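Below is one structure, written out as structure tokens; the observations come after it.
The values are calculated or read from the model by the stated rules, or taken from the named source; none is laboratory data. Please read all numbers here as calculations on a predicted model, not as lab measurements. Cβ placement follows ideal geometry from the backbone for every residue including glycine, while neighbour counts extend to all protein chains displayed.
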Amino acid sequence: MRCPYCGGSDTQVKDSRPSEDGAAIRRRRVCPDCAGRFTTFERVQLREVTVLKRSGKRVPFDRDKLQRSIDVALRKRAVDPERIERLVSGITRQLESSGEAEVTSESIGELVMEGLKGLDDVAYVRFASVYKNFREAKDFEDLLGTLGPAAGHVNPDAVPPRRKARVRP
């Protein structure tokens, strides 16, 4: 493993332990050249998966890109990082164990939307708006209709009445 600080190729493992979810091994490493310390994660990869993009281009599946997309949708949302990791690992595992060497970007997007729908409604709407390329408010209304009767509607009884501002003489 190359050192991310100096590029040295002779890094040493100081500590290894399973990650929180047990799906990876977390390794603390140190570089003898620059004394830099860093962490790596080792995960099982069942098979190479190729993603067929809408443009027809084929690219290798990138777990980190999936993680970043989900993180963007969940930005500033109070969701436990462990649940996010389980979602990313679950989608990755599902793709690798499907038996297909090639998957479409659409099928990955649908898996992400399905996972986000169960995790956080706001993140689901955020992701869907970019993934489905929403152009007008009607697109949001249609999507909110799929979340259930309470989504997108404000219950007037749940909103406290506004207080009048006091004017001081």
(request) For region 87-99, state whether one or more residues are of a type outside the set (Phe, Trp, Tyr), touching a strand residue (DSSP E or B) at 6+ places or on another chain (Cβ under 8 Å), part of a helix (DSSP H, G or I) and closer than 20 Å to ARG126 by Cβ. (result) no
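Looking only at region 30-68, filter to residues that are within 21 Å of the chain's Cα centre (by Cα) and without any contact (Cβ under 8 Å) to a residue 12 or more places away in the chain; which one of those is farthest from LEU116 (Cα to Cα)? Walk me through it before giving the result.
Kept after step one, since they are within 21 Å of the chain's Cα centre (by Cα), are these residues of region 30-68: 39-54, 59-68.
Checking the rest, the ones that are also without any contact (Cβ under 8 Å) to a residue 12 or more places away in the chain come to 59, 62, 64-65, 68.
Details: VAL59: 24, ASP62: 19, ASP64: 17, LYS65: 16, ARG68: 14 Å.
In this case the residue turns out to be VAL59.
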(request) Quick one: count up the residues across region 74-86 that are in contact with a helix residue (DSSP H, G or I) (Cβ under 7 Å, 6 or more places away or on another chain) and either part of a loop (DSSP other than H, G, I, E, B) or of a type in the set (Asp, Glu) (or both). (result) 3
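I need the full set of residues from region 126-141 which are part of a helix (DSSP H, G or I) and either surrounded by 10 or more Cβ atoms within 10 Å (Cβ to Cβ) or of a type in the set (Gly, Ala, Ser) (or both), in order please.
First, pick out the residues of region 126-141 that are part of a helix (DSSP H, G or I): 126-131, 137-141.
Residues satisfying the conditions are ARG126, PHE127, ALA128, SER129, VAL130, TYR131, ALA137, ASP139, PHE140, GLU141.
Hey, among the residues in region 13-28 that are of a type outside the set (D, E, K, R) and in a loop (DSSP other than H, G, I, E, B), which one's nearest to VAL88 (Cα to Cα)?
Pass one, region 13-28, residues of a type outside the set (D, E, K, R): 13, 16, 18-19, 22-25.
Still in the running and in a loop (DSSP other than H, G, I, E, B): 19, 22-23.
Working: SER19: 14, GLY22: 14, ALA23: 11 Å.
So, considering only residues that are of a type outside the set (D, E, K, R) and in a loop (DSSP other than H, G, I, E, B), the one nearest to VAL88 (Cα to Cα) is ALA23.
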(message) Conditions first: (1) surrounded by 10 or more Cβ atoms within 10 Å (Cβ to Cβ); (2) at pLDDT below 85. THR92 passes all but one, so which condition is the exception?
(response) (2)
(request) Among the numbered conditions (1) at pLDDT 90 or above; (2) among the basic types (Lys, Arg); (3) loosely packed, with under 11 Cβ neighbours inside 10 Å, tell me where ARG37 comes up short. (result) (3)
(request) Run down ASP71, ASP10 and say which single residue is farther than 22 Å from LEU119 by Cα, modelled with pLDDT of 85 or more, not in a strand (DSSP E or B) and not aromatic (Phe, Trp, Tyr). (result) ASP10
(request) Test each condition in (1) modelled with pLDDT under 85; (2) in a helix (DSSP H, G or I) for VAL122 and report the one that comes out false. (result) (1)
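With the structure loaded, tell me whether ARG47 is within 30 Å of TYR131 (Cα to Cα) and surrounded by 10 or more Cβ atoms within 10 Å (Cβ to Cβ) or whether it fails that test.
Details: within 30 Å of TYR131 (Cα to Cα): yes; surrounded by 10 or more Cβ atoms within 10 Å (Cβ to Cβ): yes.
The answer is yes for ARG47.
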(request) Could you please give the count of residues in region 1-29 that are touching a residue at least 24 places away in the same chain (Cβ under 8 Å) and touching a Gly at 6+ places or on another chain (Cβ under 8 Å)? (result) 4
(message) Just checking, does region 52-65 include any residue being at pLDDT 90 or above, farther than 20 Å from GLU100 by Cβ and surrounded by 10 or more Cβ atoms within 10 Å (Cβ to Cβ)?
(response) no
